[in-house]
Every structure is written in C-alpha cells, then in structure tokens.
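To keep things clear, I will list the structure first and then write my remarks on it.
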Amino acid sequence: MLKKHLNPIIAVASFIIAITGIINNAFFPTHDFAVMRYKDLANPFYLDWIFSGSSLRYNGLNYVNAIVDGILLLGAIAFVASGYKRTRLIRFVFSIIFLSNALIFVNLILLFIFKSYFTIWLQDIFTHLLYYLLDVFWIVVALKVLNHLKSQKALQQEVVNDGEHPQSYYVKAAIGYRILHPLVDMLVTIAVFSEILGRFVDYGSGALFRFMTQTPESWAQKNITLVIIALRILYYIICESVLGSSPAKFLTKTRVIDYDGNKPSVKKVIIRTLCRLIPFEGFSFFANDGWHDKISETTVVKEE
C-alpha cells in the first residue's frame, strides 16, 4: 500500500524539504552560534564552497544549500506536472543528500585521527550523536527514494537485425553526456567535500599569514592535490558501487552497468575509478568507450 502512494509522498516531501531549505538557508541570518546549530539540524545536507577560500556559508546562511534546494523545488514541480515521470532533478538532489550524510563515516575517522577534533566532539557528545542519528535517517530516506525511482526506470535498448537473429543492445550514453559528467561531478565534489577539506586545510591562512605568524604548512596543504584526488576516488566509489550512478549521471538519466547489464561489483567500480587517474584517460571515450569503461568491463547507458 505504501509503495503505491510512494510517488506522491516523495513529491510532498521534496516540496517541504525545498521550501523550508530555501527559507532556512537564504533568509533569516543570525550571529548566534546556538541558533546556527539548530538551523543546521533542519538541513538534510551540508554543502559549502570553500575550495578557493570564498565560503558561501556564513551568518547562519548557506547559499550553496539554497541553490540545491531551488533545484529540488524545480524537480518537485516537474515530477508532479509530468505525472511522476520526470525524476532527474529529484534523483540528482537526493543523491547529494545521500553523499553528504554518508560522509559521517569519514568525519568519524577524522575525529579519531585529529585529537583536537575528538576533544571538541566529546564536549557536546549528545548534540553530536543527534546529528549522527539524523545523518543515518537521511541516508536511509535518500536510498529509499533513489531505489524506488530507479525501479521505475528501464534501460533503453535498440534492436539490431543481424540476419535471422535480431540482437538487442543497451543504448550507450552520448559523448556529450560523457563530457558533461566529470564537469558536473567536479562541482558536486567541491560542494560535498568542502567541509572535510576544511579539516585538512585552513583556507583563511594564506602564505603571507603563515609567514607573519610563523605557522608551518600542514602535510595536506603541501599535498592538497593528493588530498583532492583521494576524495574524488572516494566520491566515485561510493556513488557507483552503492547508487549505480553519480549525481551527474542522475541528471542525464544514465547509469553504470557491467557487461551483463547489472550494477557493477565493488571490485569493478574500484578498478573503474582508479583507471580515471591514467594520463589523458578523459579523452579516451572519443574512440568509443573510455579506458575506465573497457578495463573495468563496464559501460554507461541511457535510461528510458
């Protein structure tokens, strides 16, 4: 019975999340840190844009969150207006909700690595536990929504007449989509991982500030490229092994599958992700499938 009415429930929930999120993140600024923490509790995701040192999260407002909330609102409108058929924007946002909250495990690891963060965490343990419980709640909700909407989407197939035995093949994603995917995923990666990057790098302390205060660079600051590569690897492994798509692929209605038409195994996703590090690999898909497709025996196909 619940599954029958799940589409209207998803639509209503999307409207509520989007509208309350826009109000919470784009209006009513505050300088009270206690109020900011309560405002954060109402957010199903934690995004920022501090990669270049220009954070869009201040005074209790979060304009990156507000932008994603706006996308969700448009997605909810399209979802209802199409009779629950247009799902790409809703799936895009709920994949971000899943990713943002799944990083709870990365944050927990960092808490134990950096003792200063763990000490701060212990000072208000009950509030932090509440945050983690909410994270788990949003992970479950996002997975339920994404799995339900995925079950309504079949993969496109084309039939090729080869003599007396017609063959059906899955329709591969167009090259234009393959070019768009890493660009969109890079933007999502920055937004989702900005908070974690902030634990490694103090964006407010430039070279001049460190020289004047005699503050040494951390290992992460000296090797920021390696840190970003590691986070990108984590991003793709989580997305494609758990969801079968990255946020960019949800946006273009495409999906990663193995040669049997199934969601690829974790092993294949890891191989696929590591192959992205091969120099000039990004240009390889112009010759048909990319190297990270061929080597991992996976491909990206279109949904109906």
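Could I have the simple spin-label model distance between GLU304 and THR127, label points 7 Å from Cα toward Cβ, reported in nm to one decimal?
Result for the modelled spin labels: 5.1 nm.
State the volume of the convex hull built on the alpha-carbon positions of region 66-105, expressed per residue in Å³ and rounded to an integer.
50 Å³
List the pair-distance distribution P(r) of region 226-304, using every Cα-Cα distance, as the percent of pairs falling in each 5 Å bin from 0 up to the bin containing the longest distance, rounded to whole percents.
The distribution over region 226-304 is 3, 16, 26, 29, 19, 5, 1, 0, given as percents.
Using a Förster radius of 45 Å, what is the FRET efficiency between PHE105 and GLN156 based on their Cβ-Cβ separation? Nearest 0.05, please.
0.80
Within 10 Å of each candidate Cβ there may be at most 16 other Cβ atoms; applying that plus a DSSP loop requirement, which trypsin sites (Lys or Arg not before Pro) in region 58-111 survive? All intermediate terms of the calculation are to be shown ahead of the outcome.
Values: sites: LYS85, ARG86, ARG88, ARG91; in loops: LYS85, ARG86.
Here the trypsin sites (Lys or Arg not before Pro) that fit, given the DSSP loop and packing criteria, are LYS85, ARG86.
Multiply the residue separation of ALA230 and THR20 by 0.36 nm, subtract the distance between their alpha-carbon atoms, and state the gained length in nm to one decimal. Numbers along the way, then the final one.
Working: separation 210, 0.36 × 210 = 75.60 nm, distance 3.38 nm.
So the chain would gain 72.2 nm between ALA230 and THR20.
Values quoted throughout were computed directly from the atomic coordinates according to the rules given, and no laboratory measurement underlies them. As the structure is a computational prediction, the values presented were derived from the model and not from experiment. Cβ atoms come from the backbone with ideal geometry, glycine included; neighbour counts cover every protein chain shown.
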